[in-house]
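S.K.: Before I ask anything, here is the structure I am working with.
The values are calculated or read from the model by the stated rules, or taken from the named source; none is laboratory data. These numbers were taken from a predicted model, which means no experiment stands behind them. As a convention, Cβ positions derive from the backbone with ideal geometry for all residues, glycine included, and neighbour counts pool all protein chains shown. Just the protein is used for accessible areas: all its heavy atoms, side chains included, with ligands, DNA and RNA removed. Shrake-Rupley method; radii C 1.70, N 1.55, O 1.52, S 1.80 Å.
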Amino acid sequence: MSILFLKNEKIFALHTKKTTYEMQVDELGHLRHLYYGRRVSGSLSHLYHPADYGFSPNPYEKRLQTGYSLDTMPQEYPGCNQGDFRVSALVPRAGDGSCGADFCYESHEILEGKYTVEGMPSAFARETEAQTLIVKLADPAAGLELTLYYGVFEERDMITRAARIKNIGGQELTLEKAASACLDVPFGDWELLHFHGRHLMERQIERIPVMHGIQTISSRRGASSHHHNPFLILAEHETTEKYGDCCGVMLVYSGSYRLDVEKDQSGGIRVVPGIHDEMFRWPLTPGESFQTPEVLLTFSHEGLETLSQNYHRFIRKNICRSRWTEKKRPVLINNWEATYFDFDTDKIISIAREASALGVDLLVLDDGWFGGRNSEHQGLGDWIVNEEKLPGGLNRLIEEVNRLGMRFGLWIEPEMVNEDSDFYRAHPDWALTLPGKAPTMGRDQLVLDMSRPEVVEYLYERIGALLRNHRIDYIKWDMNRNMTDVYSRALPAQNQGQVFHRYILGVYDLLERLTGQFPEVLFEGCAGGGGRFDAAMLSYFPQIWCSDDTDAIERLTIQHGTSFAYPVSAVGAHVSACPNHQTGRTVPIDTRAVVAMSGTFGYELDLNLLTEAEKEAVRGQITRFHRYADLIREGDYFRLENPDDRLPYLAWQFVSEDQTESLVNVVITHSRGNAPLVRLRLRGLDPQAEYRLAVFDVFGAIGNPESKEAETPEPSGISGGDALMYGGLVLPRLYGDYPSVQIYFRRL
Ligand code: DGJ
C-alpha cells in the first residue's frame, strides 16, 4: 500500500520507494502539509509547530489562541482572503463581489490505479503502477467544493497532483485564479533552479537563492514558451548532481502558466504551480466544475542526476502515449535548412536519393508544400498541395520517396493562418483579433481561435484527410508565434477570460483525436524549435524539435538544460550544414553527429553538397546510431560535467537499465594550448562488474603534431565498474576545432 490513512492522527502518508509525502487534517479540518522528502515511516505531525509571528490573523474559532494562523501553517491548497497572506492557490469571486475561500476536510477515498484529468493530458498507470488519493474539502459559505487528487507511483518516485473546483452554491461565481497545487516546504536552505531562454537558446539553467518575497517563473504567451519552461527544481544549497536533497515541480500544461516561489517570514517556501491568472476569468454556474492541469512532483536525496532520471523514466513510461515512445526512431532527412521555401519535386528527390544511398530512413518535407506558400507571408491555412512546386501532388512525391526505400513525413502548422490565404479570406472571424483594432502580427501570421469547436472540427477534417489520402508516416506539428489579441468572436463578454485556456483545450482535443486515429504515425512537436517543450505536449508527441539552433556547440547547452526535465528520447536533433545557419560556426561533421545522436537523430542539409569524405562519415554515423539507438533512447542519462564548470569540454554518459552497456560522449568546446587532460569519472555502472572497452572513437586528431610531448595513451582493455567510476578515465589530448569522442563499454 503506497497510500496510508493513519486514523487516529488523521494523517495521509503517501510512500514511494524512496520518498514520503505527509499531510494531516487538523482540529478545524484544514489540510495541513507536514512533509515531503526522503522516505520515513510513521507520523511526522511533530514537524508542525504553531508559533505566533505577529500580525498573522487567526480563524474565528482560534481567536483566543495566537499561534494558530493559516498565514504560518504549511497547507495543501490555500484559499484566499482568510488569513494566509502568502501566494494563494484559488481566487473565487462570488456573485455579490465578495471573495474568500478557506477549505475544510469533508471525506476521502483511496483507490487503485490513477485518476484521470478531464480534457487535458495527464500521467497514466499500467495495472498496479499507481494508487490514487482523493480528498474532498469544502467551503460551504463560499459555495465551493475542492477535490484534491494525488497519484502515487511508488516505483517511479513520482507523485502527481491536480485539483477540481465545483460551485456547490446557488449562484454563479467566477474563478480569478485556480492553481493546480501548492507545495509548502517549511524549512531548509533551498535554491531555485529554473530553465529560461529565448528562440534559438532554450532551457538555459539558472541556479539562484530563493529570496524573501516572490519569484515567478511564467509565460503569458499562450504557450509554455522558449523563454521559461514550466518546470523548476528546489535544491538545497549543497546539492550537486550526485548528492543532496532536491525536489522537482513540473506542470503538465502547454499554455500560459505561472510557478510562484515564495519565501515567507519564517523561512518557509511555498511553490504554487498553475494556469496563469492574468486574463483568466472562469465563470462557474451552480453545479459546474473547473479542472486544473496536473503537476508532477519528485524528490531525490541523491542529487539532481536522480531527480532528472525520475522525470525521464516517468515521461517515457507514464506520460508519452505514442506507440513510438519505446521504438527505434527513423533516421530522417528534413529539407528545411537545405532549401527553405525554394524547392520542387526534383530538388526534393535529389536530396532523397542521396539520403537513401547513405542509409537515411525517412524524408520530411518541411514548410512550403501547400497553397501559395513561397515565403512566410502567405498560404498558412490552405492545406492543399501546391502543384506548381510538386506536380502530380504529394502522392507522386511520396511514391518516388517510397521507391527509394524511404518513408515520408510532412510539416504542418494547423493552429495558424496567413491573412493572405483562401482559408482566412473565407473565415476572417476564425482568427484571434481584437474588435476594431489592426491585429498584432508575428511571422506575418495570425493565431486561429482554437477555443471554437468548429475550428477544431475543421482542422480535424483537413489534417485527417491529409493523413487518410496519403502514405504519411511522420508529421511535424509546428507553431510559430505566440498569442496576442486574445479575444474570441464566438464567446460572450463574460467568457472572454476563458479564451487562453479554451485555446489549449482545443489544441489537446485536436491532438487527442488525430493521434488516436492515426496511432502508427510518428508525430514530432515543434514551436519554432523548442517553444512548447512540455510534459503535456509529450503526451502526444514522443519527440519535439528541441531548438531551431542546430549549431552543435550551442546545442550542447540547450540539450544539457533540457535534460534536467525531459528524456533524450524526446529531443529532436539534426546534423545541419556548416558554416551553421544560426551562428556561422563550423564544427566537424562527426562532432555534429555525436551531439545530434544524443537525441532522435537526423539530418537537415543538402546531402548532395557534401564531399565524398563527408558522405562516408555520414554512413559511419548512421551505423553508429543504429548500434547505440536503444541505449541512448532508454538508458539512464548522466551529466558528467556542467557547462557552468568552465571546463573546455562537456561530457555525458548513457547506461542501460541493466548496466550491461554504456556510451560516454565528450565534446571539446574550447581548444587550448597546454589544455588540462580530460579526466572523467563514470557513473551508473555496476561497481562489481568488469567492463570491456569495446569502441573508442575519436573524431579529430590526437595530440598536437607540433609538440614533442609523449602522447597520453588511449584507454583500452578491461576495467572494473568501480575503477571506471571511482578512479575514472583519462583521455588523450585532442587537437583542432571541436573534436569529440565516443567510448562504448560492454559488461563482461
Ligand atoms: C520553425 C521550425 O522550428 C523549423 O524547423 C521549420 O519547420 C520552420 N518553422 C518552417 O517554417
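S.K.: Against the longest principal axis of the chain, how steep is helix 453-469, in degrees 0 to 90 to the nearest 10, with axes from Cα atoms?
M.R.: Roughly 30 degrees, rounded to the nearest 10.
S.K.: Mind putting a number on the dipole of the chain about its Cα centre? Charges go on the C-beta only, +1 for Lys and Arg and -1 for Asp and Glu, and I need it in Debye to the nearest 20.
M.R.: For this selection, approximately 700 debye.
S.K.: Could you give the C-alpha radius of gyration of region 225-350 expressed as a fraction of 2.2 N^0.38 Å, taking N as the number of residues it contains?
M.R.: Details: Rg = 21.1 Å, N = 126, 2.2 N^0.38 = 13.8 Å.
Output field value: 1.53.
S.K.: Send over a whole-number figure in Å² for the accessible area per residue of region 67-136, probe 1.4 Å.
M.R.: Numbers: 2810 Å² over 70 residues.
Dividing the accessible area of region 67-136 by its residue count gives 40 Å².
S.K.: Relative to the longest principal axis of the chain, what angle (0 to 90°, nearest 10) does the C-alpha long axis of helix 303-314 take?
M.R.: Between the helix axis and the principal axis of the chain, the angle is about 90 degrees.
S.K.: Residues of region 593-739: accessible area per residue at 1.4 Å, in Å²? If you can, show how the numbers build up before the last one.
M.R.: Values: 6620 Å² over 147 residues.
Accessible surface, normalised per residue, equals 45 Å².
S.K.: Mind ordering 91-101, 542-552, 358-368 by average Cβ neighbours within 10 Å, highest first?
M.R.: Working: 91-101: 16.3, 542-552: 26.7, 358-368: 22.2.
By packing density, highest mean first, the sequence is 542-552, 358-368, 91-101.
S.K.: Something else about it: What is the angle, in °, between the Cα long axis of helix 345-358 and the longest principal axis of the Cα atoms in the chain? Nearest 10 is fine, range 0 to 90.
M.R.: That helix lies at roughly 80 degrees to the long axis.
S.K.: Would you calculate the volume per residue, in Å³, of the smallest convex hull containing every Cα atom of region 359-403? Can you show the working numbers first?
M.R.: On the way: hull volume 3.5 nm³, N = 45.
Hull volume normalised by residue count: 77 Å³.
S.K.: Based on the mean of other beta carbon atoms within 10 Å per residue, what is the order of 106-113, 278-285, 72-79, 149-156, most packed first? Don't jump to the answer; show the numbers that get you there.
M.R.: Working: 106-113: 13.8, 278-285: 16.6, 72-79: 24.4, 149-156: 22.8.
Top to bottom by mean Cβ count within 10 Å: 72-79, 149-156, 278-285, 106-113.
S.K.: Measure off, as a whole percent, the carbon and sulfur share of the 1.4 Å-probe accessible area of the chain, all protein chains present. List each step's numbers first, then the result.
M.R.: Details: 13040 of 27230 Å².
Here carbon and sulfur together make up 48 percent of the probe-accessible area.
S.K.: Also, I was wondering about something else. Using every pair of alpha-carbon atoms in region 504-550, split the distances into 5 Å bins beginning at 0 and state the percent of pairs per bin, rounded to integers.
M.R.: 5, 23, 29, 24, 14, 5, 1
S.K.: Let me ask you something else. Quick check on the chain: helices-only [θ] at 222 nm, where DSSP H runs of length 4 and up contribute -39,500 (n - 2.57) each and the sum goes over total residues. Nearest 500, please. Please list the in-between numbers first.
M.R.: Values: 11 runs with 131 residues, N = 748.
After summing the helix terms and dividing by the residues of the chain, the value is -5500 deg cm²/dmol.
S.K.: Same structure, new question: How would Asp658, Asp382, Asp444 line up by accessible area, probe 1.4 Å, largest first? Walk me through the numbers before you get to the answer.
M.R.: Working: Asp658 90, Asp382 20, Asp444 55 Å².
Of Asp658, Asp382, Asp444, the descending order of accessible area is Asp658, Asp444, Asp382.
S.K.: Follow-up question, since we're still on this one. May I ask for the percentage of alpha-carbon pairs in the chain that lie more than 35 Å from each other?
M.R.: Details: 133782 of 279378 pairs.
Every Cα pair in the chain considered, those over 35 Å come to 48 percent.
S.K.: Give me the 1.4 Å probe accessible area per residue for region 417-507, excluding ligands and nucleic acids, in Å².
M.R.: Roughly 40 Å² per residue, with all protein chains present.
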